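A.B. asks: Got a structure for you, questions after.
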Amino acid sequence: MLGLVAFGHAALAQNTGYKMNVKMTDGSFFSVPADDVSEVYFTTTEEKQFTDTYYTVSGRAEKGPFKSGTTITMQPLDLTANALGTAQTTMTFDDCGNYGFRNMLFKYPYVQVSANGLFFNEVDDYNTRDTQISLQGYADLQNGSKVNVNVVTHLISERVVNLVIGGIDFDVALSQAQGELLSAFGLQRLNDKSFTQVSISDGDDYAAGLLAITMPLLYSRKGSELISWMTRLRYDFADDGKFTEQNKEQYKKDRNNLSLSYNVQRLIEKYHEYGLSVNVKDLKYFYDWDDDGVAGNEIYDPSQPATYDVTSINAPMEGGTYTVNVSCNVPLYTSPLYYGDANSYPYYEPFIQSDMSLTTTYNNGVLSITVNPAQYRIISDRTVVLYDAVGNIAVSVTVSQEGNPSGTFLTELGKNYVMWVCQYLSSAHARYRIADAKYTGMTENNDFHAPLEVYNSNLNYLFSYPYQLIRRNMEAFRNTSSPSVYALLPMAVLTNSLAYYELVTMFGGVPYISQEQDMYNYSIPRTSQEEILNKLVENLTSVMDQLQDNKGGYIASEDDIAMPSKDLARVVLADIYMYQGNYSAAKSLLEEIVNARRYSLSATQNGLGANDAEIIWSMPTTNYGGGTTRAAAIDYDATYTIIKTYSDVLLSLAECESKLGNDTKASEYLSQVKSAKSIETTSADVIAAISEVRSKIQTDFGGYFAFLKRTGLAQSTLGLEEYQLLFPIPQSELNANPMMTQNPGYSSFVTR
């Protein structure tokens, strides 16, 4: 007998300098570097002796399970992998790929089993649902008569034949080929079991390894493409038990595009249809993501957390570079090597531009973060993360930055949204101002005076325009979890509060639309005046600190409208407080405006310019797309809408002081307005004198009626009956909203 020595693939280089010396039976010697030897085993040229044996062969055909009716061919082999005798055929008898052959006599315990048929594709069954593929495998029946045919047995099949032809025993060739394939995928830990004994439905590590190898082959391939790809890999592996770099790169690319959890779930659901309960281990642990030759060792273990010396960074507007020292027992990356199972969120186009501009690098345990100069007015916080190979977060550093006051704010979508808000606000406030002037007699009219009828067309505009604004702003209220929308919340709260306040002063209690309600549900009952005002106080105070504490004036750009001055909120909140009788709280807010010395009085009584020195807030009277809205500025034909003025602030402050018993101080504030605008008053009573001044200047911005009501002067000054202190609910609203009720005194006008 001639002894032959066969050597496996090179071991990990250890540079020992030793050699392995072999003396042959003929007296000759040869030697190889010991560091290159991984295995030593013996084969023989003498034929092994076998006894004819009966075997009942069964198993599963799987690439995803083959479907019922798949053709299974079993071919007995001799010691050199050549066909011996007649091949036998059968078919799978269920959709799980199960097959079986009855008791058969074998001269040698070696067999080839092939499967050809339809199969379930867990990655994309649509692409291959009508495709028949063929898989084959070799088996040594001495290790068991169960022979599963799968991707592993298929990919090593030509390699097995080549090894046997090269003089290696059949059973050794099977073991070597499988070991080489598993090593190519970093799964050498699974080589203690023949994959002819493994099924993807087993639920163990071997099943997970088989499924992990299999899935990337299916990615984005139609039937013919899949067949061609598996054939290419099979013959690439056959010669030397390795894959070319090109094929490895393509496999990795396909692997990284998979959604493993989704595909596994599809497979589990398919088996459930077949009546089987299948578990699959986390496949991320069965890929060699970082190509170090071992699958799964690069995944972060939270029980052994990374440590780092910086958890938060506060960068100035100018930016800067910062370093974080990190220690972790697995490799980390600024972006994961695999994204397939990362959480996905619905895409939304942002309203604001607030992205922080930064770059990150990570090398040798040092995370470097460079924050670039701020480009936008508001900069959203960023979380800089280091991941393991599959996207688990090991390091998390919060980075914040000061905004650039002169930077941009809104995206085009945000500008579009703000233009609508501007239109609705200017339209609603213009109607309010016009109704206020007409009803109080500040301007002559023949279409809006007491007693009003429920069919008065002006009522429809007064009621519907504010709700157009309110419903538009609900988009911001209902998306506060989005940073893109949250930044617009102060504007939405402020403009909604103004709309509700003006509705209350005209109609009393009205429907209050909450975030939980359907904004297109028109069947909403009235909320009391007191409850609405309390809600407005709560809402405005909650956003006050988020507003810009700067001078207002004429605000034309969408960016500036979206970031209103705190002074506007102060005046609106002071109005609400005064309407509630809380003059002390109103006084504090108004004094903040006076003490800031941002505004001055104009000599003009009415017809103030858009950006007159005393304008606290005015805006263009525009419709969507630009241009003057004639309907919104009816009677005045203004291209701008004045919301609040400094003269209003001083008169309100005079009212507060008088109500709090400080008539001397009240007279000082009143005198400033009278002197600047050359107005004489006849009443010695401070509140009555304020009324005289307001009647001459308030047509520009409205609110005279609200002043008369809160001071108790409305009935005597305007000659109204008590019920006429509220306008009637328009008949159109009563028709549209079955939950709406009419104000007292107007019931005789109501028809449904």
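The values are calculated or read from the model by the stated rules, or taken from the named source; none is laboratory data. No experiment lies behind these values; they were computed from the predicted model shown. Cβ placement follows ideal geometry from the backbone for every residue including glycine, while neighbour counts extend to all protein chains displayed. The protein model used for the area step is the full one, side chains on, heavy atoms only, and it has no ligands, DNA or RNA in it. Shrake-Rupley method; radii C 1.70, N 1.55, O 1.52, S 1.80 Å.
A.B. asks: When the scattering of region 216-334 is computed by the Debye formula from its Cα atoms alone, each counted once and equally, what is log10 I(q)/I(0) at q = 0.12 Å⁻¹?
C.D. replies: Results for region 216-334 at q = 0.12 Å⁻¹ read -0.73.
A.B. asks: Let me ask something additional. Quantify how much of the Cα-Cα distance distribution of region 505-570 extends past 13 Å, in percent.
C.D. replies: In whole percent, the long-distance tail amounts to 71.
A.B. asks: Give the lysines whose C-alpha is closer than 17 Å to that of LYS281, dropping any in the same chain fewer than 8 places away, or say none.
C.D. replies: LYS270
A.B. asks: Tell me the label-point distance for the pair ALA688, GLU273, using the 7 Å Cα-to-Cβ offset, in nm and rounded to one decimal.
C.D. replies: Calculated label separation equals 8.9 nm.
A.B. asks: Another question about this same structure. Please state the charge dipole magnitude for the chain, taken about the Cα centre, from unit charges on C-beta atoms (+1 on K and R, -1 on D and E), reported in debye and rounded to the nearest 20.
C.D. replies: For this selection, approximately 1040 debye.
A.B. asks: So if R0 is 25 Å, what FRET efficiency would ASP52 and ASP94 give, r being the distance between their Cβ atoms, rounded to the nearest 0.05?
C.D. replies: FRET efficiency, ASP52 to ASP94: 0.20.
A.B. asks: Which of the lysines could a cross-linker bridge to LYS659, judged by Cα under 21 Å and excluding same-chain residues fewer than eight apart?
C.D. replies: LYS587, LYS674, LYS709
A.B. asks: Testing the spin-label approximation: label points 7 Å from Cα along Cα→Cβ at GLU402 and VAL366. State their distance in nm.
C.D. replies: The modelled label-to-label distance comes out at 2.8 nm.
A.B. asks: Could you check how much of the accessible area of the chain is carbon and sulfur, as a whole percent, using a 1.4 Å probe?
C.D. replies: 47 percent
A.B. asks: Still on this structure, please answer the following. Would you kindly state the longest site-free stretch of the chain, with sites defined as GluC sites (Glu not before Pro) in a DSSP loop (not H, G, I, E, B) surrounded by at most 15 other Cβ atoms within 10 Å?
C.D. replies: 48-317
A.B. asks: HN-Hα J couplings of region 223-240 from phi, Karplus 6.51/-1.76/1.60, θ = phi - 60°, integer Hz, Gly and Pro as x?
C.D. replies: Result, ordered by residue: x, 5, 5, 5, 4, 5, 5, 5, 5, 4, 5, 4, 7, 4, 6, 5, 6, 10 Hz.
A.B. asks: Count charges around VAL693 for me, please; just the other residues with Cβ under 10 Å from its Cβ, Lys/Arg as +1, Asp/Glu as -1.
C.D. replies: Neighbour charge sum, excluding VAL693 itself: +2.
A.B. asks: Quick query: amide H of GLY407 versus all other amide H atoms, modeled in the peptide plane; which residues come in under 5 Å with a sequence gap of 5 or more or a different chain?
C.D. replies: When sequence neighbours closer than 5 places are left aside, the close amide H contacts are ARG377.
A.B. asks: Given the DSSP H assignment, sum -39500 (n - 2.57) over each helix run of at least 4 residues in the chain and divide by its residue total; what's the result at 222 nm in deg cm²/dmol, nearest 500?
C.D. replies: Per the formula, -11000 deg cm²/dmol.
A.B. asks: Can you list the lysines whose alpha carbon sits under 17 Å from that of LYS242, skipping same-chain ones fewer than 8 residues off?
C.D. replies: Within the straight-line cut-off, LYS242 pairs with LYS252.
A.B. asks: Also, quick follow-up: Quote the FRET efficiency, to the nearest 0.05, computed for GLU245 versus ARG189 with a Förster distance R0 of 25 Å and r equal to the Cβ-Cβ distance.
C.D. replies: 0.55
A.B. asks: Let me ask something additional. Provide the descending list of Cα extents for region 254-319 along its principal axes, expressed in whole angstroms.
C.D. replies: Projected onto its principal axes, the Cα set of region 254-319 covers 62, 31, 28 Å.
A.B. asks: Report the extension gain between ALA83 and SER514 in nm, rounded to one decimal, defined as 0.36 nm multiplied by the number of residues separating them, less their alpha carbon distance.
C.D. replies: The ALA83-SER514 span can extend by a further 147.2 nm.
A.B. asks: Which residues does the label zone of ASP282 cover in region 369-396, counting backbone N under 14 Å from a point 7 Å along Cα→Cβ?
C.D. replies: 388-394, by backbone N distance to the label point.
A.B. asks: If you don't mind, there's one more thing I want to ask. Hey, can you find the accessible area per residue of the chain for me, probe 1.4 Å, expressed in square angstrom?
C.D. replies: 44 Å²
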